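Beneath this line is the structure, given in structure tokens, with notes to follow.
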2 protein chains.
Amino acid sequence: MIEANSASEQTRTRLLEAAREVFSQHGFQSATVREICRRADANVAAVSYHFGSKDGLLAEALNFAPLKAMQLANIQTVASPEMRLHLFIRDFMLMLLDETNGSPPCRIMARELADPTPALDKIVREAIAPLHEFLGKLVREIAGDGIAEAELRRCMYSILGQCLYYRHSHPVLQRLHPKLRYSRKKIEAIAAHIADFSVAGIRHISGKTGAG
Amino acid sequence: MIEANSASEQTRTRLLEAAREVFSQHGFQSATVREICRRADANVAAVSYHFGSKDGLLAEALNFAPLKAMQLANIQTVASPEMRLHLFIRDFMLMLLDETNGSPPCRIMARELADPTPALDKIVREAIAPLHEFLGKLVREIAGDGIAEAELRRCMYSILGQCLYYRHSHPVLQRLHPKLRYSRKKIEAIAAHIADFSVAGIRHISGKTGAG
DNA sequence: TTGTATTTCAAACAGGTGTTTGATACGCTT
DNA sequence: AAGCGTATCAAACACCTGTTTGAAATACAA
């Protein structure tokens, strides 16, 4: 029987939550089914039973609704494109870095950028491609229609690269500055920097060749 | 007997070269000693015999001399700091992306940023910390002494983040643009963009608060 | 309560990993 | 050629991985 509170649905939910945690912490490959089941207080066979395989568990653990909702809210915000870029960067950084309110699926996505798994196709299709489309439009609003397609893409990559650096390089930054921790305030300061830095960069790039 | 061309030294060298290839392609964990030995045309036991362990092989495979030489040459170059930043970014990108003349140890380093292994401490100490120091001085020359330490660091991260994005996100970019390939010319175009973008960003940041 | 389908469990399985072993082959000096 | 230390090799080892198995427990309808 399909019922939200059945025993089966409860372990399913616990497994998904544990999987998001473990996958985002250790990466898909280093994460073991046994640790996920330990955290979910379930038997090792539960993953195969409920999701078919470890791959299937990852596919169901991914949930980009928050990411999409963030973009939709951004589009509907009445503000200058520069302000909306700042908002986007802040929300994106919070998803990537905030330990309490962050989005594990987004952190999984960040990991998969460099280390593909069978789920990467789904991630690209459902999360990254729409994200690029959204960000492309936003950058174009700032740069003006005169900007070339290649330059627009490079500006997008400059922004995403700055954001993702703090997640990807976290182990290194932690070693260089052991007392480092990302409070909400620090994340917002970083986001403000990236936004300022990037707007100046975009304006400079768009002012060099095109008609602005 | 210790001799450069002895049979032992030959397989040692072949193992190191194969290891750099495989580690930079698959990452340390996914790389198997069996594949490394296959490529080096050596027996599986050769790794343990010559390097003690897979960890030991990685430690010896790392060689940041090219990275250091690049920084030294940059320092000795007589040019504006903006020009030297452009040079640094170009050389760094070539090491990260150029398939024929790139530096496998640098690509390994890029991978390890996100996925630490026992070698990360050595990498941070010997490669990343000096790199940060070098880049910090260079950015300070552009920004002026008025820039705050925190802002200086964020500018450095903005630059490194942009550079590393193209390596980290390569699997995704490949999926989004299947015909993508990094020729030397394209790498130099990307480097020029990052340099222009970043100089504008640094000038904007340093002009906001400090005395420049 | 009885019967049936679903869910859980300990145990085992098959495959891959890094590493070790002991014998064999090799290079080099005497 | 004989002797010796080094290097190579096939084979095995111990461990960990995702997955499967078949029995036991549970939930639920009749």
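The values are calculated or read from the model by the stated rules, or taken from the named source; none is laboratory data. Keep in mind that what you see is a predicted model, and the values were worked out from it rather than measured. For neighbour counting, all protein chains shown are included, and Cβ atoms are generated from backbone atoms with ideal geometry for every residue, glycine included.
Could you say which residue among B:17, B:35, B:82, B:21 is more than 16 Å from DNA strand C (Cβ to nearest atom), touching a residue at least 12 places away in the same chain (Cβ under 8 Å) and not assigned by TED's automatic domain parsing to the domain that holds residue B:105?
Values: B:35 fails: more than 16 Å from DNA strand C (Cβ to nearest atom); B:82 fails: not assigned by TED's automatic domain parsing to the domain that holds residue B:105; B:21 fails: more than 16 Å from DNA strand C (Cβ to nearest atom).
Step by step, each of B:17, B:35, B:82, B:21 is checked, and only B:17 is more than 16 Å from DNA strand C (Cβ to nearest atom), touching a residue at least 12 places away in the same chain (Cβ under 8 Å) and not assigned by TED's automatic domain parsing to the domain that holds residue B:105.
Please indicate, with yes or no, whether at least one residue in segment B:96-103 is of a type in the set (Ser, Thr, Tyr), surrounded by fewer than 21 Cβ atoms within 10 Å (Cβ to Cβ) and within 13 Å of DNA strand D (Cβ to nearest atom). No, the conditions are met nowhere in segment B:96-103. Taking residue A:123 as the residue in question, decide whether it is crowded, with 22+ Cβ neighbours inside 10 Å and under 20 Å from residue B:171 (Cα atoms). So residue A:123 fits the description; yes.
In segment B:138-155, of all residues being surrounded by fewer than 21 Cβ atoms within 10 Å (Cβ to Cβ), assigned to a helix (DSSP H, G or I) and acidic (Asp, Glu), the one that is farthest from the other protein chains (Cβ to nearest Cβ) corresponds to B:141. Under the condition of being hydrophobic (A, V, I, L, M, F, W, C) and near DNA strand C (Cβ under 7 Å from one of its atoms), which residue from segment B:44-72 is nearest to the chain's Cα centre (by Cα)? Out of the qualifying residues, it is B:47. Taking segment B:6-46, which residues are surrounded by 20 or more Cβ atoms within 10 Å (Cβ to Cβ) and of a type in the set (D, E, K, R)? Correct list: B:20 only. Taking the criterion of being at the interface with another protein chain (Cβ under 7 Å from one of its Cβ atoms), surrounded by fewer than 20 Cβ atoms within 10 Å (Cβ to Cβ) and either under 20 Å from residue B:27 (Cα atoms) or of a type in the set (Val, Ile, Thr) (or both), the residues of segment B:156-212 that qualify are B:171, B:175.
For segment B:34-43, state whether one or more residues are more than 10 Å from DNA strand D (Cβ to nearest atom), more than 17 Å from the chain's Cα centre (by Cα) and under 23 Å from residue B:171 (Cα atoms).
Of segment B:34-43, the ones more than 10 Å from DNA strand D (Cβ to nearest atom) are B:35-36, B:38-39.
Subset that is more than 17 Å from the chain's Cα centre (by Cα): B:35-36, B:38-39.
Next, from what is left, pick out any that are under 23 Å from residue B:171 (Cα atoms): B:35-36.
Taking every residue of segment B:34-43 in turn, at least one turns out to be more than 10 Å from DNA strand D (Cβ to nearest atom), more than 17 Å from the chain's Cα centre (by Cα) and under 23 Å from residue B:171 (Cα atoms).
Among A:80, A:103, which is under 10 Å from the mean Cα position of the chain (by Cα) and not aromatic (Phe, Trp, Tyr)? Explain how you work it out, then say what you get.
Numbers: A:80 fails: under 10 Å from the mean Cα position of the chain (by Cα).
The match here is A:103.
Just give me the residues in segment B:116-137 being in a helix (DSSP H, G or I), without any contact (Cβ under 8 Å) to a residue 12 or more places away in the chain and within 13 Å of another protein chain (Cβ to nearest Cβ), in sequence order. Walk me through how you get there before you give the answer.
Start the filter on segment B:116-137 by keeping residues that are in a helix (DSSP H, G or I), which leaves B:120-137.
Then keep just the ones that are without any contact (Cβ under 8 Å) to a residue 12 or more places away in the chain; that gives B:120-121, B:124-125, B:129, B:133, B:137.
B:120, B:121, B:124, B:125, B:129, B:133 - these are the residues of segment B:116-137 that are in a helix (DSSP H, G or I), without any contact (Cβ under 8 Å) to a residue 12 or more places away in the chain and within 13 Å of another protein chain (Cβ to nearest Cβ).
For segment B:90-115, which residues satisfy the criterion of being within 14 Å of chain A (Cβ to nearest Cβ) and out of contact with any helix residue (DSSP H, G or I) (no Cβ under 6 Å at 6 or more places or on another chain)? The answer is B:111, B:115. For segment B:75-89, a residue qualifies if it is of a type in the set (A, V, I, L, M) and in contact with a helix residue (DSSP H, G or I) (Cβ under 7 Å, 6 or more places away or on another chain), and the qualifying residues are B:85, B:87, B:89.
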